[in-house]
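Visitor: Input: one structure, supplied below.
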């Protein structure tokens with residue numbers, strides 16, 4: 001597949017790109033405004049509304065309310081608790097009971113916005129997540145459009161919306177906010193807006209533990225820019241800014257608990273230790289070889305992880321810009337190498353939208369009939385999986 005434009009196009013000068021054959025569509029040299037991004041944003045809303053409608057009908061038949069599912073269950077409840085009561089001051093010994101495992105940007109925004117808007121904090125949190133998802137979809141489109149043109153950008157956005165656990169984008173979780181920060185940070189790198197890239201990476205580091213992947217991507221790209229040609233102090237500013245959010249929160253937890261490894265001690269209480277992938281491989285063997293009747297949602301998680309590895313290989317073959325490869329590579333290493341709980345790992349990979357670029361490129365060259373069938377299958381599959389995840393699966397997504 002062809003993944004980067006020639007040097008005369010907008011891919012020129014981006015760290016990690018090389019002179020290659022022309023991309024499928026003419027590149028854009030300016031920021032994609034709302035009007036230009038409208039097809040992608042409308043398509044995104046259509047996909048997610050389809051999933052929400054499917055969930056509503058299924059929930060109604062089961063006499064179950066949709067609002068609690070989206071706004072107050074599982075991690076959403078943890079974030080609302082932080083917004084209401086703040087963080088724990090001691091480590092404790094109870095398993096999965098210390099809220100210092102959750103990063104602060106989302107609950108801080110919920111608390112701040114709830115103070116100046118009507119409704120409950122749960123309402124504010126859900127509205128924030130939905131608004132962030134639109135900003136994320138816009139950023140996903142901007143990256144795809146920057147590299148391969150408008151058609152690929154729209155398809156990339158639709159594929160991201162139609163991921164099996166895409167419903168989480170409209171729940172009181174942090175994935176949408178994190179993806180928005182990550183996507184626009186990567187776009188800032190591609191357009192060499194280094195200070196913006198560093199600030200956005202820092203915000204991503206305040207949103208989720210995997211913010212370290214965004215910081216690594218921005219840092220590596222900025223260091224390469226400094227090495228290849230004099231670029232002033234802006235790339236250096238990105239190097240200094242990018243890790244501040246993640247390091248700042250981890251350091252703050254250490255000070256709060258009066259131990260240098262405070263944050264990692266909290267993660268151990270949640271059984272979230274890095275084991276190099278041993279637990280992941282064990283679950284693969286159990287689900288694919290030993291369990292005669294594996295749980296459907298766990299099968300979806302397993303297939304998502306395996307397909308993500310394949311897509312990363314295709315991304316390497318396509319020679320994606322180094323910032324994208326570092327981001328998705330570090331994200332995969334964290335998710336696959338964790339010895340923690342298995343079932344949320346598809347959700348943990350939700351921000352890894354650059355992994356979908358090879359698929360979007362392939363679809364951009366496909367016939368209309370194949371494209372329509374593929375997208376319809378993805379959207380309907382996402383709608384079913386989201387409803388199943390919320391109404392049948394008995395644990396967190």
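Visitor: Mind counting the residues in the range 104-132 that are within 23 Å of residue 186 (Cβ to Cβ) and either touching a helix residue (DSSP H, G or I) at 6+ places or on another chain (Cβ under 7 Å) or buried (at least 18 other Cβ atoms within 10 Å of the Cβ) (or both)?
Guide: Qualifying residue count, the range 104-132: 8.
Visitor: Here is a follow-up. Of these, 192, 208, which one is over 23 Å from residue 249 (Cα atoms), touching a helix residue (DSSP H, G or I) at 6+ places or on another chain (Cβ under 8 Å) and not in a helix (DSSP H, G or I)?
Guide: Every option except 192 fails the conditions.
Listed here are the residues, each with its yes/no results for (1) part of a loop (DSSP other than H, G, I, E, B); (2) at pLDDT 60 or above; (3) out of contact with any strand residue (DSSP E or B) (no Cβ under 9 Å at 6 or more places or on another chain).
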{"residue": "11", "(1), (2), (3)": "yes, no, yes"}
{"residue": "20", "(1), (2), (3)": "yes, no, yes"}
{"residue": "24", "(1), (2), (3)": "yes, no, yes"}
{"residue": "52", "(1), (2), (3)": "no, yes, yes"}
{"residue": "77", "(1), (2), (3)": "no, yes, yes"}
{"residue": "81", "(1), (2), (3)": "no, yes, yes"}
{"residue": "89", "(1), (2), (3)": "yes, yes, yes"}
{"residue": "97", "(1), (2), (3)": "yes, yes, yes"}
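Visitor: May I pose another question? Give 135, 142 a once-over and let me know the one that is in contact with a helix residue (DSSP H, G or I) (Cβ under 8 Å, 6 or more places away or on another chain), within 30 Å of residue 365 (Cβ to Cβ) and surrounded by fewer than 21 Cβ atoms within 10 Å (Cβ to Cβ).
Guide: 135
Visitor: Could you list, in sequence order, the residues of the range 260-315 that are touching a residue at least 60 places away in the same chain (Cβ under 8 Å) and part of a loop (DSSP other than H, G, I, E, B)?
Guide: Residues satisfying the conditions are 270, 271, 272, 273, 275, 276, 277, 295.
The values are calculated or read from the model by the stated rules, or taken from the named source; none is laboratory data. Note that the coordinates shown come from a computational prediction; the quantities given were computed from them, not determined experimentally. Cβ atoms come from the backbone with ideal geometry, glycine included; neighbour counts cover every protein chain shown.
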